[in-house]
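Q: Sharing a structure with you now.
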Amino acid sequence: MPDIRFDTYYRYDDLTSHIKAFAEEYPTLMQVESIGKSYEGRDIWLAKVTNLETGPDDEKPALWVDGNIHATEV
């Protein structure tokens, strides 16, 4: 389990490692997949957080949260 600090900004490689570590630690609660490439050719990660034991994510209500982007760059 990664040690996440909330008083620092993480670069892409560190964020990728952290998000994948969470998915590995909790495979029934979190899945990570790339939904495309950035202008610089890096993967754009999507983290699906749901309890898979209660059914697939696409059959449940959803909430979309963007992070680590500049304001108004949705």
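Readers should treat all values here as calculations from the given coordinates under stated rules, not as data from a laboratory. Fair warning: this is a prediction, and the values are worked out from it, not measured in the lab. Neighbour counts are summed over all protein chains in view; Cβ atoms, including those assigned to glycine, are modelled from backbone coordinates with ideal geometry.
Q: So which residues in segment 28-52 are of a type in the set (Phe, Trp, Tyr) and in contact (Cβ under 8 Å) with a residue 12 or more places away in the chain?
A: Trp45
Q: If a residue has to be part of a loop (DSSP other than H, G, I, E, B), surrounded by 14 or more Cβ atoms within 10 Å (Cβ to Cβ) and of a type outside the set (S, T, N, Q) to count, how many in segment 29-50 make the cut?
A: Qualifying residue count for the region: 1.
Q: Inside segment 51-64, can you point out the residues that are surrounded by 10 or more Cβ atoms within 10 Å (Cβ to Cβ), outside any helix (DSSP H, G or I) and at negative phi?
A: Asn51, Lys60, listed by residue number.
Q: Then there is this: Is it true that some residue in segment 3-22 is in contact with a Phe, Trp or Tyr (Cβ under 9 Å, 6 or more places away or on another chain), part of a strand (DSSP E or B) and surrounded by 10 or more Cβ atoms within 10 Å (Cβ to Cβ)?
A: no
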